Amino acid sequence: MPKIRSDLEALVRIPSISHPGHDPSQLRRSADATAKILADAGCETRLLEIEGAPPAVLGRIPAPPGAPTVVLYAHHDVQPTGGRDLWHSEPFEPVEKNGRLYGRGTSDDKSGVVIHAGAIRAHGGRPPVGVTVFVEGEEEWGSPNLGKFLAKYGDHLKADAVVLADSGNWRTGQPGITISLRGIVACDIEVRTLDHAVHSGEFGGPVPDALTVLAKTLATLHDDRGNVAVKGIATGTADPLDLTEEELRKQVGMRPGVKLIGDGGITDRMWMRPSISILGIDAPKLTESTNQLVPAAKARVSMRIPPGQDHEAAMKALADHLRSHVPWGAEVKIEPRGHGQPYRVKTGGKAYDALRAALSDAFDRPAVEMGQGGTIPFVFDFARAFPNAALLLTGAGDPFSNAHSEDESVDLGDLERSTLAEALFFQHLAA
C-alpha cells in the first residue's frame, strides 16, 4: 500500500486535463508516469500514438500456458478543477484527511491505474492470468479517438474479460459492480433577437432581450414536477436497493429546503430515466453588465439517456424540442456537442462469478449490482470491438468521492480493498 499510495500521489501531481485549452504536454507527462508505474509492476510497456490524440499506455504480461487473458482499463486524464476557491486544498497536491486522499484524479481515474499496478505487484509481477493494461488519455473529453485506438491496436487488446476500473462502490466499504450506464447527448443553443445591444430603458417593453428568450426556452425542458419534458425518450425501472432520500441528500450535499424532482423511485430517476442539465451559459457577467438589451445568448444543454434509447433519436428530439419552444420568433441555432451510448452489461458467466467472489473476499461483504447515472463512452466501444469478452465495471470511488467536482477524494481503505479484489480476481478466474 505505501507504494500504491506514492504512485497515486505522483500521478495526481500532474495536471493532466484533457479538455481543450489546457496544456497538452501534461498529458504526455502523465502517460510517461503511468508507463513507468506499470513497468515497475512487471509489465512490458509502450506508448500508443494516434495523430491528434493524447498518448495512451499499453502494458503487457503474457498468459501462463492455458490461462485466460484479462484487459485492465483506466484513464490517466482528469477533469478541469473549476474554481480554485471551491477547493479546501490544492487540487494537484494530494492531502490525506480522515482516511481519504484528496486531489484531482485521486478517484477518477488515477486510482484505476494504481489498482491495476498494485494487483499485478501482489503477484510479484507474475499473475496467474495474462494481463494487458490499457490506459487512455482523453476519457474525460468523451474518448473521441478511442475507436481509432481500438482499430489500430485492437489485436493487442483481445481478451477473455475486460476490467474497466472507472466506476465505483455502492457505499464506502460496500463493493459494487456496475451493470448499466446512461448515455448522453449534448448541444449548444444560441438565440438572437437583435443585431446589436440597445438601451434597455429606451427600447425595453416592446423589444425582447436574448437572455429572457433563452431562459424561457430552457424552462420548457422540465415539467412542473421536474420530469424531462422532451417527448419520445425511453424510460425504465431499476432495483431500488436500499437507498433512501436521506442518504442521497447527504451524499450530494443538498440544501435543506430543496426538494427532489421527477417521478418514480430514486434509482429509477438516477439510472433508468432521462435527465437534463444546463452546463453553462454565455452571457454578460454581472460585473460587465449594463443597462442594455442583450442581443444574443448561448447555453450548453446536456441530456442523459437510459439504456434502450438510441442516441441519434435522442439528439433529434432534444433539438426539435428546443427549436419549437423558442418564443417570440427569436432566431435560434443549435449545434450538437457530442454523444455517448447507454449500455447495459451482461452479468452471467465465469468472469462475473470470479469478480463477485473476489469482491466478497476483499470487502468481507457481497457486491451490490448497481446502475450508474453517468456515461462511460468507452464501454460501448469495447463491447463493439470485443463482443465475446465479459465487461466488468468496478472501481475504488464511492458516493462521497466528488468526481468532477471540488475536493475529489478516494477512501484509502477502499483503494486497498479494491486492489486486493483485483488480485484475487486473477486467482479466481485462473482457477
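The values are calculated or read from the model by the stated rules, or taken from the named source; none is laboratory data. A quick note: this is a predicted structure, and the numbers were derived from the prediction, not measured. As a convention, Cβ positions derive from the backbone with ideal geometry for all residues, glycine included, and neighbour counts pool all protein chains shown. In case anyone asks, the SASA skips ligands and DNA or RNA and just uses the protein heavy atoms, side chains included. Shrake-Rupley method; radii C 1.70, N 1.55, O 1.52, S 1.80 Å.
What dipole magnitude, in Debye to the nearest 20, does region 16-159 give about its Cα centre under +1 on Lys/Arg Cβ and -1 on Asp/Glu Cβ?
480 debye
Just the number please: accessible area per residue for the chain, 1.4 Å probe, all protein chains included, in Å².
Value for the chain: 45 Å² per residue.
On a 1.4 Å probe surface of the protein chains, which of D353, D381 comes out largest in accessible area, and what is the full order?
Values: D353 90, D381 25 Å².
So the residues, ranked largest to smallest area, are D353, D381.
Rounded to the nearest 10 Å², what accessible area does F400 have for a 1.4 Å probe in the complete protein model?
For F400, solvent-accessible area is about 90 Å².
Run the accessible area of region 266-417 with a 1.4 Å probe and give the carbon-and-sulfur part as a rounded percent.
47 percent
Which length gain, in nm to one decimal place, applies between M254 and T220 when the Cα-Cα distance is subtracted from 0.36 nm times their residue separation?
9.9 nm
Taking the Cα centre of region 80-200 as origin and charging only Cβ (+1 Lys, Arg; -1 Asp, Glu), how large is the dipole, in debye to the nearest 20?
So the dipole magnitude of region 80-200 works out to roughly 520 debye.
For L86 paired with D320, estimate the spin-label separation in nm (one decimal), with each label point 7 Å from Cα along the Cα-to-Cβ line.
3.5 nm
Using a 1.4 Å probe, how large is the accessible area of H404, given in Å² and rounded to the nearest 10?
Surface open to solvent at H404 totals about 100 Å².
How far is helix 2-12 tilted off the main Cα axis of the chain, in degrees rounded to 10, range 0 to 90?
For helix 2-12, the angle is close to 30 degrees.
Pop out the ³J(HN,Hα) list for region 78-86 in order, Karplus 6.51 cos²θ - 1.76 cosθ + 1.60 with θ = phi - 60°, rounded to Hz; leave Gly and Pro as x.
Going residue by residue, I get 9, 6, x, 7, x, x, 4, 5, 7 Hz, with x marking Gly and Pro.
Out of the total accessible area of region 118-257 (probe 1.4 Å, heavy atoms of protein only), what percent is carbon and sulfur?
50 percent
Please say if region 1-159 is rounded, prolate or oblate, where rounded means a/c under 1.5 for a ≥ b ≥ c the square roots of the C-alpha gyration tensor eigenvalues, and otherwise the choice is prolate for a/b larger than b/c and oblate otherwise?
Verdict is oblate for region 1-159.
Pairing the Cα long axis of helix 350-363 with the longest principal axis of the chain, what angle in degrees results, from 0 to 90 and rounded to the nearest 10?
Helix 350-363 and the main axis of the chain meet at about 90 degrees.
At a Förster distance of 35 Å, what's the computed FRET efficiency of L47 paired with S360, Cβ-Cβ distance as r, to 0.05?
Efficiency, rounded to the nearest 0.05: 0.45.
Put a dot 7 Å past each Cα toward the Cβ at Q174 and N388; how far apart are the dots in nm?
Here the answer is 3.9 nm between the modelled labels.
Which far-off residues, 5 or more places away or on another chain, put their amide H under 5 Å from the one on S18, with H placed in the peptide plane?
Distant-sequence amide H within range of S18: V78.
Using the Kirkwood radius built from alpha carbon pairs, what does the Stokes-Einstein equation give as D for region 285-387 at 37 °C and 0.692 mPa s, in µm² per second?
179 µm²/s
State, as an integer percentage, the relative contact order of the chain based on alpha-carbon contacts under 8 Å between residues 6 or more apart.
25 percent
Mind listing the phi-derived Karplus ³J(HN,Hα) values for region 175-183, rounded to whole Hz, using 6.51, -1.76 and 1.60 with θ = phi - 60°, and x for any glycine or proline?
Values, residue by residue: x, x, 10, 7, 10, 8, 9, 6, x Hz.
In debye, nearest 20, what is the charge dipole magnitude of region 186-319 about its Cα centre with +1 on Lys and Arg Cβ and -1 on Asp and Glu Cβ, if you could check?
The calculated dipole for region 186-319 is roughly 60 debye.
Provide the per-residue ³J(HN,Hα) series for region 268-279, in order, calculated from phi with Karplus coefficients 6.51, -1.76, 1.60 and θ = phi - 60°, each as a whole number of Hz, with x at glycine and proline positions.
Going residue by residue, I get 4, 5, 7, 10, 10, 9, x, 9, 10, 10, 9, 7 Hz, with x marking Gly and Pro.
Taking the Cβ-Cβ separation of A39 and L279 as r and a Förster radius of 45 Å, what is the calculated FRET efficiency to the nearest 0.05? Don't jump to the answer; show the numbers that get you there.
On the way: r = 38 Å, r/R0 = 0.85.
The formula returns an efficiency of 0.70 here.
Distance between Cα centroids, region 29-68 to region 75-102: provide it in whole Å.
If we compute the Cα centre of each part, the gap is 26 Å.
From a point 7 Å beyond the Cα of E331 in the direction of its Cβ, which residues of region 287-322 have a backbone N at a distance under 13 Å?
295-297
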